[in-house]
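The values are calculated or read from the model by the stated rules, or taken from the named source; none is laboratory data. None of the values given here were measured: they were computed from a predicted structure. Cβ placement follows ideal geometry from the backbone for every residue including glycine, while neighbour counts extend to all protein chains displayed.
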Amino acid sequence: MSSGHFSLFGLLEFASHHHELFGPMEKGSFVYGRKVKDLLKGIPNDRGGWYLWGRFNDLGWWETIYLGKAGNRKVASLYGRLSSELRNEAIFVWASVYGKEDTLKQYTKRYKGKFDSDSTRSLRKMGAQFVLWVSAEKEISEDEISRQEKILIRIFRPSHNVVRGKHIEPDELTKQVEDQIERELTIIKGVIY
């Protein structure tokens with residue numbers, strides 16, 4: 001099991017210098033996409049696991065905004081899921097810098113309203129400062145990854161997840177994942193405080 005984290009401040013700074021959604025294009029692709037790729041270096045692309053989007057509040061306490069899971073397949077791996085969310089839900093970055101109203105106007109204009117209903121989910125991540133991730137061991141099944149996600153949602157109480165199903169008792173794997181998350185939070189706190 002391994003873990004890590006990355007800051008979203010670089011993406012926020014990029015947006016602050018590029019008012020237009022997704023910033024400039026170079027060589028047929030958005031520069032923002034390359035920034036995302038650089039940000040995700042070192043995240044396993046062949047393992048599942050769990051990830052938390054969050055921030056530290058004014059008192060220095062961690063607040064989980066969203067908790068997700070990733071499967072063992074390459075497309076649904078930790079790398080795949082985080083890459084997809086950062087790219088497909090990028091409007092949260094611009095909305096964090098320029099506000100919801102201005103960003104939604106741009107989004108609606110760019111896509112002619114086609115994806116407006118998807119924007120609500122993306123905007124829930126506004127205010128996120130960091131993403132923490134924990135990779136599962138290869139032998140952990142998809143069912144176990146899902147089971148642990150339900151437990152972790154109850155433990156970390158993300159503000160934008162729906163609590164699913166009945167209560168499931170934490171186990172040794174839950175403890176290992178919690179320890180990895182706490183380790184990453186301690187590292188981040190040591191840098192920013």
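Data for the structure
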read-out	value
Filter result for the condition that a residue is in a helix (DSSP H, G or I), among the basic types (Lys, Arg) and over 18 Å from Phe14 (Cβ atoms), over Arg81, Arg73, Arg87, Arg34	Arg81
Conditions (1) of a type in the set (A, V, I, L, M); (2) within 16 Å of Val177 (Cβ to Cβ); (3) touching a Phe, Trp or Tyr at 6+ places or on another chain (Cβ under 6 Å); number of the one not met by Met126	(2)
Extreme residue, modelled with the highest pLDDT, among residues of the range 111-129 that are of a type in the set (A, V, I, L, M, F, W, C) and either in a loop (DSSP other than H, G, I, E, B) or on the phi > 0 side of the Ramachandran plot (or both)	Ala128
Which listed residue, of Glu172, Glu178, Glu182, Glu89, is farther than 21 Å from Leu40 by Cβ, acidic (Asp, Glu), out of contact with any strand residue (DSSP E or B) (no Cβ under 7 Å at 6 or more places or on another chain) and surrounded by 14 or more Cβ atoms within 10 Å (Cβ to Cβ)	Glu178
Checklist (1) touching a helix residue (DSSP H, G or I) at 6+ places or on another chain (Cβ under 9 Å); (2) in a helix (DSSP H, G or I); (3) surrounded by 18 or more Cβ atoms within 10 Å (Cβ to Cβ) applied to Glu144, failing item	(3)
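Conditions tested, residue by residue: (1) closer than 25 Å to Ser135 by Cβ; (2) buried (at least 20 other Cβ atoms within 10 Å of the Cβ).
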| position | (1), (2) |
| --- | --- |
| Leu11 | yes, yes |
| His17 | no, no |
| Ser29 | no, no |
| Ile43 | yes, yes |
| Tyr79 | yes, yes |
| Leu82 | yes, yes |
| Ala95 | no, yes |
